[in-house]
Amino acid sequence: MRVVATTADIAALAAAVGGDLVSVDSIVPPASDPEAFEPRPRDLDKIRRADLVVRVGLGYDYWLDALINRIGDKRLMRGGDGYVDASTGVPLLEIRGESVVNEGGHAHGAANPHYWLDPENAVLVTAGIAEALVRLMPEQRDRIVANRERFIAALHGQLQRCNALLAPFAGAKFIAYHNSWPYFARRFRLDVIDFVEPHPGVAPTPAHLARLIAEGRAAHVRAVVHEAHEPDSASRFVAGKLDIPLVVLAVSVGSVPAAGSFLDLFDHDCATLANALGASR
């Protein structure tokens, strides 16, 4: 069964559920900016050969609709047997109730789309993927369910490790480069107070950085969180002025070498953040 996911994170979850029953490919390359991504001609061929398409949704991969419409395969369109919106059922944050808009190359829709950065949301996402795979391969239901159950057990073990690492820092305040971290912060009881980007995809001005530094000093911010694919000069400047760590975290599978799988991503991020906060005390 050929599965195409829009990002490496959703692809990793589809592979965990499908196991050796599926061949999984993704469209957005790892270690790139998914929100500024523009599809390539070979991506159209990936979709054309897919049995199942799984997307992040919420405007994050708005370009997928144009690819599917060009192919014209109703199975892969919204409501089709070969279509999954992984955001379905996820408790969303920053709900805006508006259609997709594009700001400086970054697409934003009805809510913050970075929901996979709460590992507990993978329980709901894998349920939707498993349902679709069972619909397409009903004779393999038991294997699909067993694959998912093994993954969920491993996920909960990983979540316990993260909770143990980050519990001592509950309530710690951060500045982030991009607004990727509300789900992660909610899960681990952290507080992201502001962003280096004044708007998604927009570089900060000197005035914005000055205000951010003053705000961070007053709030006793503990770290600046940055993503590996983003330019880091402004984040380093803010961290230096506040004399706090600049912490580079993995925002998706494959975005840093240590985040080779969905579980590895959280092991890396939780350990990296805990080490930086522990050293900064």
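The values are calculated or read from the model by the stated rules, or taken from the named source; none is laboratory data. Quick caveat, the model's predicted, so the values are computed rather than measured. Using ideal geometry, Cβ is built from the backbone for each residue, glycine included, and neighbour counts are taken over all protein chains shown. What goes into the accessible areas is simple: the full protein's heavy atoms, side chains included, and nothing from ligands, DNA or RNA. Shrake-Rupley method; radii C 1.70, N 1.55, O 1.52, S 1.80 Å.
Ordered by solvent-accessible area of protein heavy atoms (1.4 Å probe), largest first, the residues Arg141, Arg70 come out as Arg70, Arg141.
A simple rule links phi to the HN-Hα coupling: the Karplus curve 6.51 cos²θ - 1.76 cosθ + 1.60 with θ = phi - 60°, which for the range 62-74 gives 4, 5, 5, 4, 5, 5, 5, 5, 5, 6, x, 8, 5 Hz, with x for Gly and Pro. Ligands, DNA and RNA aside, Leu166 has an accessible area near 0 Å² when probed at 1.4 Å. Near the amide H of Ala5, within less than 5 Å, lie the amide hydrogens of Asp25, Ser26, Ile27, Val54, all on another chain or at least 5 residues away, with H placed in the peptide plane. Less than 5 angstrom separates the built amide H of Leu93 from those of Asn112, all sequence-distant by 5 or more or on a different chain.
Projected label points at Ala210 and Asp65, each 7 Å from Cα along the beta carbon direction, are separated by 4.2 nanometres. By the rule of a C-alpha distance below 20 Å, with chain neighbours fewer than 8 residues away ignored, the lysines paired with Lys241 are Lys173. Taking amide H as placed 1.01 Å from N in the peptide plane, Asp118 has its amide H under 5 Å from the amide H of Phe184, each at least 5 places away in sequence or on another chain. Accessible surface comparison of Lys173, Lys74, probe 1.4 Å, protein chains only, largest first: the order is Lys74, Lys173. If the chain linking Ala258 and Ala170 were pulled fully straight, counting 0.36 nm for each residue of separation and taking away their Cα-Cα distance, it would gain 29.2 nm. Our coupling estimate for the range 13-21, obtained by passing each phi through the Karplus curve with A = 6.51, B = -1.76, C = 1.60 and θ = phi - 60°, is 5, 5, 5, 5, 7, x, x, 7, 7 Hz, Gly and Pro reported as x. To the nearest 10, the accessible area of His156 is 70 Å² with a 1.4 Å probe.
Note: the chain, Cα convex hull, 120 Å³ per residue.
For the range 159-272, the solvent-accessible area works out to 42 Å² per residue, with a probe of 1.4 Å and every protein chain left in place. For the range 81-225, the gyration tensor built on C-alpha atoms gives an oblate shape. Its axis ratio a/c (a ≥ b ≥ c) is at least 1.5, and a/b is not larger than b/c. Heavy-atom accessible area for Glu149, with the other protein chains in place and a 1.4 Å probe, reaches approximately 120 Å². The share of C-alpha pairs in the range 1-139 whose separation exceeds 27 Å stands at 14 percent. Under 18 Å of direct C-alpha separation, and excluding same-chain neighbours fewer than eight residues apart, Lys46 reaches these lysines: Lys74. Overall, the accessible surface of the chain at a probe of 1.4 angstrom is composed of carbon and sulfur to the extent of 54 percent. Per residue of the chain, the DSSP helices (runs of n ≥ 4 H) give a summed -39500 (n - 2.57) that works out to -13000 deg cm²/dmol at 222 nm.
Coupling constants for the range 216-230 follow from the phi torsions by the Karplus curve (6.51 cos²θ - 1.76 cosθ + 1.60, θ = phi - 60°), and in residue order they are x, 5, 5, 8, 6, 4, 9, 6, 10, 9, 10, 10, 4, 7, 8 Hz; glycine and proline get x.
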